[in-house]
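Peer 1: Can you read through this structure? Questions will come right after.
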Amino acid sequence: MFKKILVANRGEIACRVIKACKELGVKVVAIHSEIDKDCAHVRLADESICVGPGPASESYLNIPSIISAAEISGADAIHPGYGFLAENTYFAEVCESCGIKFIGPSKEAIDKMGDKIAARELMMKAGVPVVPGSDGPVSIDDPNIFKLAKKIGYPLIVKASAGGGGKGMRVVATEEALENAIAMAQTEAKAAFGDESVYIEKYIEEPRHIEFQILGDSKGKVVYLPERDCSIQRRHQKLVEESPSPFISAHLRRKMGRAARHAAEAVKYVTVGTVEFLVDKSGHYYFMEMNTRIQVEHPVTEVITGIDLVKEQIRLAAGERLTFDSGDVKILGHAIECRINAEDPDRDFIPSPGKVTQFIPPGGPGIRVETHVYPGYTIPSFYDSLIGKIIAMGSNRAEAIARMLRALDEMVIEGIKTTAPLHKKIMQHDYYHKGDVYTDFLPKHIFRGR
Ligand code: ADP
């Protein structure tokens with residue numbers, strides 16, 4: 001096991017990782033930007049080092065500064081959390097060359113799965129179904145583009161190969177709109193990821209977003225855990241996640257879980273990762289992408305399986321073996337996570353940073369809260385708007401929903417706008433209760449007519 005881990009992240013995920021390190025008896029170093037010196041993760045860690053000014057490019061993305069912090073503090077491993085450098089092959093490479101273990105998969109696995117076009121090709125070879133689409137990048141100069149688009153069939157979606165966070169995506173309903181959509185997606189992709197490659201695939205109408213948590217060890221063993229349903233999204237970004245999915249039968253779970261395992265095996269995956277699929281109304285499923293890191297929504301899986309994914313991730317990175325199989329994992333109940341973002345849902349989710357004047361988190365039976373917020377904390381405008389997660393667990397879905405509603409009612413958060421009132425509307429909605437939920441739930445049922 002490692003002696004000291006540096007957590008190259010901030011906020012709720014840094015707090016989560018620090019707690020896992022402490023339970024494993026590993027010393028932990030926090031890094032922070034100048035503006036984050038009072039952030040909760042700094043207080044929780046054994047020691048902390050400032051790595052630069054507020055903007056992420058100068059602090060949480062500042063590789064030389066982070067590596068120096070690891071060397072000065074004598075850390076033998078770095079946990080990247082999610083976002084920032086978590087899927088940065090160059091960072092994983094630099095860690096390796098400095099003799100510091102990057103807590104994640106190999107750089108080859110990050111590379112192969114980080115490029116969506118390459119990942120699609122790899123999955124086709126591994127026999128995992130992908131959404132019908134182009135074989136590689138497309139451009140408006142390609143004389144065959146319209147023929148290809150017609151063959152795939154409208155509506156289509158143009159997606160950035162380097163995409164993430166729902167950016168660089170355009171839905172195209174008709175042939176007339178294709179050229180413009182490709183050009184716009186290319187521009188957006190270039191600005192967001194420095195890579196303008198885009199590809200096209202069939203737009204699956206009213207799909208569910210279903211993903212599988214996988215774990216892999218250095219001996220080549222891979223297991224999958226029960227699915228998470230992340231169909232409630234805003235602008236293609238997740239807002240509510242639950243496990244198990246109300247839609248997935250035990251048979252489909254096994255079939256998709258095995259496909260997820262094949263996907264991970266194809267890149268010799270070690271540590272934890274997530275294989276994402278779209279599922280249409282007939283239960284056909286298609287590989288979408290693999291995220292080579294811990295996910296925001298990992299707690300729903302933890303509470304329904306009793307497996308601590310962050311501790312497993314650290315153990316697996318340290319070379320330990322997996323001690324269980326997919327078949328050993330029992331579903332202990334039903335879990336729902338609501339992402340609390342500092343955003344105004346009534347004003348198109350514009351960020352709402354500022355001082356949290358009052359904060360009383362919910363608690364009681366079946367409620368888990370992951371947050372770095374405390375009364376008097378000022379949410380900076382530099383970073384992601386996620387400020388916390390409420391996870392409700394019940395013996396069944398109805399109990400989980402009732403507990404989530406009770407927790408949302410109980411929570412007091414003042415001084416900023418959050419997504420909490422929107423979550424109440426979702427949790428009270430008939431279609432949500434019925435589990436009749438697709439990725440268009442918010443525009444169709446909550447924001448219709450706006
Ligand atoms: P990102 O990496 O930006 O998160 P993903 O490829 O994971 O992008 O897709 C995010 C979301 O976009 C999906 O959960 C889904 O709602 C929507 N989406 C992506 N591809 C398709 C598609 N082919 N058909 C319908 N919706 C899609």
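The values are calculated or read from the model by the stated rules, or taken from the named source; none is laboratory data. Because the structure is predicted, anything quoted here is derived from the model rather than measured. Using ideal geometry, Cβ is built from the backbone for each residue, glycine included, and neighbour counts are taken over all protein chains shown. Please note that ligands, DNA and RNA were not included when accessible areas were found on the heavy atoms of the full protein model with its side chains. Shrake-Rupley method; radii C 1.70, N 1.55, O 1.52, S 1.80 Å.
Peer 1: Using a basic spin-label model with each label point 7 Å from the Cα along Cα→Cβ, how many nm lie between LYS3 and SER65?
Peer 2: Distance between label points: 2.7 nm.
Peer 1: Here's another thing I want to ask about it. Report the extension gain between LEU332 and HIS429 in nm, rounded to one decimal, defined as 0.36 nm multiplied by the number of residues separating them, less their alpha carbon distance.
Peer 2: Contour length minus Cα-Cα distance gives 32.4 nm.
Peer 1: Tell me, in nm to one decimal, what length is gained between SER57 and LYS147 on full extension, where the rule is 0.36 nm per residue of separation less the Cα-Cα distance?
Peer 2: 28.2 nm
Peer 1: Given Cα positions, please report Rg to Rh for segment 4-103, the hydrodynamic radius being the Kirkwood one.
Peer 2: Answer for segment 4-103: 0.92.
Peer 1: Here is a follow-up. Just the projected area, averaged over all directions, of the convex hull on the alpha carbon atoms of segment 330-426: how many nm²?
Peer 2: 6.4
Peer 1: Here's a follow-up. Could you report the chain's accessible area per residue, 1.4 Å probe, as an integer in Å²?
Peer 2: Heavy-atom SASA per residue in the chain reads 40 Å².
Peer 1: Considering the Cα trace of the chain, what is its radius of gyration and what is Dmax, both in angstroms?
Peer 2: Cα-based Rg and Dmax for the chain come out at 21.3, 62 Å.
Peer 1: Compute a Gaussian network model of the chain, connecting alpha carbons closer than 10 Å, and tell me which residue from PHE84, PHE102, PHE324 fluctuates the most.
Peer 2: Evaluated over the chain, the most mobile residue of the options is PHE324.
Peer 1: With point charges of +1 on the Cβ of Lys and Arg and -1 on the Cβ of Asp and Glu, referenced to the Cα centre of the chain, which listed residue (VAL28, ASN62, GLY327) lies farthest in the positive direction of the dipole?
Peer 2: The listed residue farthest towards the positive side: GLY327.
Peer 1: Continuing with the same structure: Springs between alpha-carbon pairs under 10 angstrom, Gaussian network model over the chain: which of VAL300, VAL17, VAL329 fluctuates most?
Peer 2: VAL329
Peer 1: Averaging sequence separations of C-alpha pairs under 8 Å and six or more residues apart, then dividing by the length of segment 208-446, give the relative contact order as a whole percent.
Peer 2: 20
Peer 1: Okay, next question. Hey, which of these cross-link pairs are over 30 Å Cα-Cα: LYS221/LYS434; LYS116/LYS417; LYS19/LYS268; LYS19/LYS221?
Peer 2: The answer is LYS221/LYS434; LYS116/LYS417.
Peer 1: Using every pair of alpha-carbon atoms in segment 405-450, split the distances into 10 Å bins beginning at 0 and state the percent of pairs per bin, rounded to integers.
Peer 2: P(r) over segment 405-450, rounded to whole percents: 23, 48, 26, 2.
Peer 1: Counting only protein heavy atoms and using a 1.4 Å probe, what share of the accessible area of segment 300-435 belongs to carbon plus sulfur, as a whole percent?
Peer 2: Here it works out to 49 percent.
Peer 1: Then there's this: Can you tell me the Rg and Dmax of segment 132-202, counting just the alpha carbons, in angstroms?
Peer 2: When restricted to the Cα atoms of segment 132-202, Rg and Dmax are 10.8, 31 Å.
Peer 1: Can I ask one more? Of all the accessible heavy-atom surface of segment 66-167, with the other protein chains kept in place and a 1.4 Å probe, what percent is carbon and sulfur?
Peer 2: 53
Peer 1: Post the alpha-carbon centroid distance, segment 8-43 to segment 394-426, in whole angstrom.
Peer 2: Here the two parts' Cα centres lie 26 Å apart.
Peer 1: Would you kindly state how much longer the chain becomes between ILE72 and SER381 on full extension, computed as 0.36 nm times their sequence separation minus their alpha carbon distance, in nm to one decimal?
Peer 2: 108.3 nm is the gain from fully extending ILE72 to SER381.
Peer 1: Using 1/(1 + (r/R0)^6) with R0 = 41 angstrom and r between the beta carbons of VAL412 and LYS281, what's the FRET efficiency to the nearest 0.05?
Peer 2: 0.55
Peer 1: I want to check the label-to-label distance for GLU206 and ASP46. Put each point 7 Å from Cα in the C-beta direction and report it in nm to one decimal.
Peer 2: 5.5
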